[in-house]
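**Student:** Please see the structure below; I have some questions.
The values are calculated or read from the model by the stated rules, or taken from the named source; none is laboratory data. Values in this document were obtained by computation on a predicted structure and should not be read as measured data. Note: ideal-geometry Cβ built from the backbone for every residue, glycine included; neighbour counts use all protein chains shown. All accessible areas refer to the heavy atoms of the entire protein, side chains included, with ligands and DNA or RNA removed. Shrake-Rupley method; radii C 1.70, N 1.55, O 1.52, S 1.80 Å.
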Amino acid sequence: MPAPDSPAIPLPLIFGPFDPSGASHLPIDAVICAGLGTHAGSVATAIHVQDTAGTETIQRLAPDLVDDQARCLLEDMAIGALKIGPQYDPETISTLAQIAADYSALPLVLQLCAPPPIPDLEDLDPEETVGALLELLLPQAHLVVVDARLPELWAGQGLLSSTRAADPIAALHELGAPLVLCCNAALGPGLNGLVLHTQDQAGRRWPWPTPRVRAGDAESLLATVLCCLLARGLDPDEAVSQAVTTATALLERHFHPGMGQRILLHAAPLQT
């Protein structure tokens, strides 16, 4: 006899680079999703040569392969939400934008980040990559997660082409982002935290501990948790509040597996 159907499990789909150290991006996003009661589909867009000390090289995958990976999953599984993590070239971003447009009913969490200074990316114009993010993906995102310093940097470089570019967050809203969650935002003298900006409304604020791990990658962790919560059917505003609490707890467990940085600990203790 066939086995009875299992209960519906939320299915987030994560687009991003593969980090073989397990410190960030894929596959650790899949582990985080599992810990939150969801099952993540994963679409690799690049492969890092990386350890706990840093990234040495990045091999970008062909956009056609990325497209095939994504559509194979989307046509087979009842995906509930999308997360797009760091992307390194305009062609891949264009491919992801078409996928997002074809599945526009799915909530999309977009992590905005600048291309890293890696020799493998020297053939690309970083301004073109950022421009593609802002023009093609940002307008489709339901929720954007970004380090607060990055929109200010892009505005100073003239990359936020908007009538409100003097206010970088307002410029992101004008370009199409309804909700922008900023990490490392100034809450007061000597105090940083998280600020949620909604269009034409005062932002909500949360304190954020200075982490010993993922100090430069908090937005990726938050974006993954948000994608899980949206896949479970939470509305974006409710998901942000719950994601802050969940991500803060995740930062409390970490270990030192190599000669570089500490990384998050998601493994359960062995039962003896």
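**Student:** Enumerate the calculated ³J(HN,Hα) couplings along region 106-118 in order (Karplus 6.51 cos²θ - 1.76 cosθ + 1.60, θ = phi - 60°), each rounded to whole Hz, writing x wherever the residue is Gly or Pro.
**Tutor:** These are the phi-based 3J(HN,Hα) values: 7, x, 10, 9, 10, 8, 8, 7, 7, x, x, x, 10 Hz.
**Student:** I need the calculated FRET efficiency for the pair residue 152 and residue 39, taking r as the beta carbon distance and R₀ as 35 Å, to the nearest 0.05. Please list the in-between numbers first.
**Tutor:** Numbers: r = 37 Å, r/R0 = 1.06.
Between residue 152 and residue 39 the formula returns 0.40.
**Student:** Tell me, in nm to one decimal, what length is gained between residue 135 and residue 64 on full extension, where the rule is 0.36 nm per residue of separation less the Cα-Cα distance? Don't skip to the answer; put the middle values down first.
**Tutor:** Values: separation 71, 0.36 × 71 = 25.56 nm, distance 2.07 nm.
Taking 0.36 nm per residue and subtracting the Cα distance, the gain is 23.5 nm.
**Student:** A further question follows. Can you order the peptides 122-132, 24-34 by their average number of other Cβ atoms within 10 Å per residue, highest first? List each step's numbers first, then the result.
**Tutor:** Values: 122-132: 14.9, 24-34: 21.1.
So the peptides 122-132, 24-34, ranked by packing, come out 24-34, 122-132.
**Student:** Provide the per residue accessible area, probe 1.4 Å, for the chain, rounded to a whole number of square angstrom. Working shown, then result.
**Tutor:** On the way: 12810 Å² over 272 residues.
So the chain comes to 47 Å² accessible per residue, rounded to a whole number.
**Student:** Hey, another quick one. Distance from a point 7 Å along Cα→Cβ of residue 198 to each backbone N in region 131-158: keep the residues under 20 Å and list them by number.
**Tutor:** From region 131-158, the list is 139-146.
**Student:** So, one more: Let me have the 222 nm mean residue ellipticity of the chain computed from DSSP H runs of 4+ only, each contributing -39500 (n - 2.57), with the sum over all residues rounded to the nearest 500. Kindly include the intermediate steps, with their values, before the conclusion.
**Tutor:** Values: 8 runs with 88 residues, N = 272.
That calculation yields -10000 deg cm²/dmol at 222 nm.
**Student:** Sticking with this one: Based on alpha-carbon centroids, what's the gap between region 13-67 and region 112-173 in Å, whole number please?
**Tutor:** 21
**Student:** Take the Cβ-Cβ distance between residue 105 and residue 253 as r, set R0 to 51 Å, and report the resulting FRET efficiency rounded to the nearest 0.05. Numbers along the way, then the final one.
**Tutor:** Values: r = 35 Å, r/R0 = 0.69.
About 0.90, to the nearest 0.05.
**Student:** Rounded to the nearest 10 Å², what accessible area does residue 255 have for a 1.4 Å probe in the complete protein model?
**Tutor:** The value for residue 255 is about 80 Å².
**Student:** Nearest 5 percent is fine: what portion of the DSSP beta bridges confined to the chain is antiparallel?
**Tutor:** On the way: 20 of 42 bridges.
Once the DSSP bridges in the chain are tallied, antiparallel ones form about 50 percent.
**Student:** Quick check: at a probe of 1.4 Å, how many percent of the accessible area of the chain sits on carbon and sulfur atoms?
**Tutor:** On the way: 7020 of 12810 Å².
Of the solvent-accessible surface of the chain, carbon and sulfur hold 55 percent.
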